[in-house]
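A short worksheet on the structure shown next.
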């Protein structure tokens, strides 16, 4: 069974097709880098997979289930553009909130474990409002990994991260992949992404322009896919 | 073809209304209220038209949520706009009539008050639509609002009736009134014409809305290129 | 049981986040007192007629002040994209909605309970004579305000002029509930118990609350996910 299967997905903004007949599959343990220009539909596709909106046509299967099923959502982690933690709450409170929402049995232990994992245990009772940018981003990473999802969806994860946060994220992603979990990320930071990627998909105007395994060639020259399959 | 049919319908509706104006002008003044009474020939039909349009809006909203077809969203907005326009006509004719008969422009009568609240509610629908940018979200939000608003229609009506019956009724309104059978026939024609007019307006507005949506998507396409 | 737990998690989160800053609650309270003071210039609190309709005045204050709290409800989720994370979490939209509505309910009710004695003092109204009946009307009326307000807070969260739009779409739809609450409050503050004809308003309030709670729970997923 594929970890993720996108089958003939169409998505419209009014009458304008933002996604046209997207077909994708990801095996468990693979890492898909979703590339393409701004407005190519990367974010729309990721948000549709994450279940924030329903496709107009076609179907999305995550571990065999639909994105809006409770069982599926328990297995999906999402990092978007925002950090998705509350400024008014402390780091620990934020993580405990999400641990409870995901129905984890020992919310406090799990939250503390992930604070340690991301190097935030020292400031666990500090309000997020008072955190530096890098700390906030690491907390956002901890929030997405907290419930140990089988499928991780990351929208431009390396943009706006500081070096330490990038290091933390890359380490966690490597560990996750080693454990057989699946990662799908949209990105402009080709170098960071291609180091991890096993597959590359390029979107162009809502269509799949390229889909294939990530080759050493691509890692050596990240601009290659754009040069070969992008328009002009 | 479809457009010609539409315009033909519109012309027929106008012809009926114009003809009826002459017939109504020929009627003798009503016993208690004189000529002012005759505004009822336009007042009642606009309420019927408004009711028809707003019910259409509700059904289209539900259909949109079920099918996600933007055709129904366009119908909903077209019908609501026309409904609000006819509500305005109903309110305006009511006010014009109230001045000579009740001696004031406005009375906090059950029907008038409910009509005003409905008007405000559906004006809110149009404002909400106007403010939401993303087409799918706009259609969803508007449909949800339309359903919530329609639930309120009977509640508003009955609550205001209870409210008014608890207070003394306005004393300056005491007409028995008489309504001869040939007047009823004219009323029937006027209702028909007004509903036809509403249908024509909704269809025209619907075409415009669909054209607008096409333009929007072409603009997005142009931006993407 | 699981559903109830999820509702409580959201409820606790919203109340805690609000009480950390007290932005909305303080603003609502100051606003409520300000309107009461301003109204006293128009309606002389000394006059007997003012006592006749002062109960109605109270609900205008509650509705206006309540909107300030409700405006923050979903707006709080926007700056860090928290709403995405809540929608992505494995909880039904109805649990999210109810949790938020209950949090708003507690906050609005708290503002009302502080404003009520202030109102009593400023307008010489003995509101406490029929204490439990007043509380009943307050409880039912406030739920009507919060259930509609929370739903519309979700509808208006992403739009321009959110602060203006929310009251403009909320009040017309709230009219029947506000009217019922006003009628009952006026009666109660003039020494009349809820009996006879007045029970129709109580039924209206209960019906309104049930109808809109049900409709919101059914429709909220469309608003959140689309």
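What follows is calculated from the coordinates using simple rules that are stated; it is not laboratory data. No experiment lies behind these values; they were computed from the predicted model shown. Every residue, glycine among them, receives a Cβ derived from its backbone with ideal geometry; neighbour counts consider all protein chains shown.
Sorting C:153, A:66 from the fewest to the most surrounding beta carbons within 10 angstrom yields A:66, C:153. Relative to the longest principal axis of the Cα atoms of chain B, the long axis of helix B:40-67 makes an angle of roughly 30 degrees.
Between C:55, C:99, C:120, where does the largest GNM mean-square fluctuation fall for chain C, given springs only between Cα atoms within less than 10 Å? The residue with the greatest mean-square fluctuation here is C:120. The angle between the Cα long axis of helix C:48-75 and the longest principal axis of the Cα atoms of chain C comes to about 10 degrees, rounded to the nearest 10.
Would you please calculate the Kirkwood hydrodynamic radius of segment C:2-224 over all C-alpha pairs and express it in Å, rounded to one decimal? For segment C:2-224, the Kirkwood estimate is 18.0 Å. Taken over the alpha carbons of segment B:49-108 as equal point scatterers, the Debye sum produces base-10 log I(q)/I(0) values at 0.22 Å⁻¹ of -0.76.
Here is how the number arises for the protein assembly as shown: DSSP H runs of 4 or more residues each give -39500 (n - 2.57), the sum is divided by the residue count, and the result at 222 nm is -22500 deg cm²/dmol. Please work out whether chain A counts as rounded, prolate or oblate from its C-alpha gyration tensor, where a ≥ b ≥ c are the square roots of the eigenvalues and a/c under 1.5 means rounded, while otherwise a/b larger than b/c means prolate and anything else oblate? It is prolate, given that a/c is not under 1.5 and a/b is the larger ratio. DSSP finds beta bridges in the protein assembly as shown, and of those with both partners inside it, around 55 percent are antiparallel. Shielding value for C:159-172 is 4, the average number of Cβ atoms from other chains within 10 Å of each residue's Cβ. Put the Cα centre of segment C:145-196 next to the Cα centre of segment C:1-55 and the gap is 12 Å. Within 10 Å of each Cβ of B:145-154, how many other protein chain Cβ atoms are there on average? Averaged over the peptide's residues, the number is 4. Panel order for B:30, A:69, C:77, by other beta carbons found within 10 Å of each beta carbon, from fewest to most: A:69, B:30, C:77.
Each of C:225, A:123, A:183 was scored by other Cβ atoms within 10 Å of its Cβ. Arranged with the fewest first, they read C:225, A:123, A:183.
Rounded if a/c is under 1.5, else prolate if a/b beats b/c, else oblate: with a ≥ b ≥ c from the C-alpha gyration tensor eigenvalues square-rooted, which is the protein assembly as shown? Don't jump to the answer; show the numbers that get you there.
Numbers: a/c = 3.14, a/b = 1.49, b/c = 2.11.
Oblate shape, in that a/c is at least 1.5 and b/c is the bigger or equal ratio.
For chain B, find the longest principal axis of its Cα atoms and tell me its angle to the long axis of helix B:70-102, 0 to 90°, nearest 10. So the helix axis and the longest Cα principal axis differ by about 20 degrees.
Shape of segment B:1-95 from the C-alpha gyration tensor: oblate (a/c of 1.5 or more and a/b not above b/c, with a ≥ b ≥ c the square roots of its eigenvalues).
Ordering of B:116-125, C:140-149 by packing is C:140-149, B:116-125, highest average first (other Cβ atoms within 10 Å, averaged per residue).
Highest mobility in the GNM of chain B, judged by mean-square fluctuation with C-alpha springs under 10 Å and restricted to B:140, B:69, B:190, is found for B:69.
Counting Cβ atoms of other protein chains within 10 Å of each residue's Cβ and taking the mean over peptide C:219-226 gives 5.
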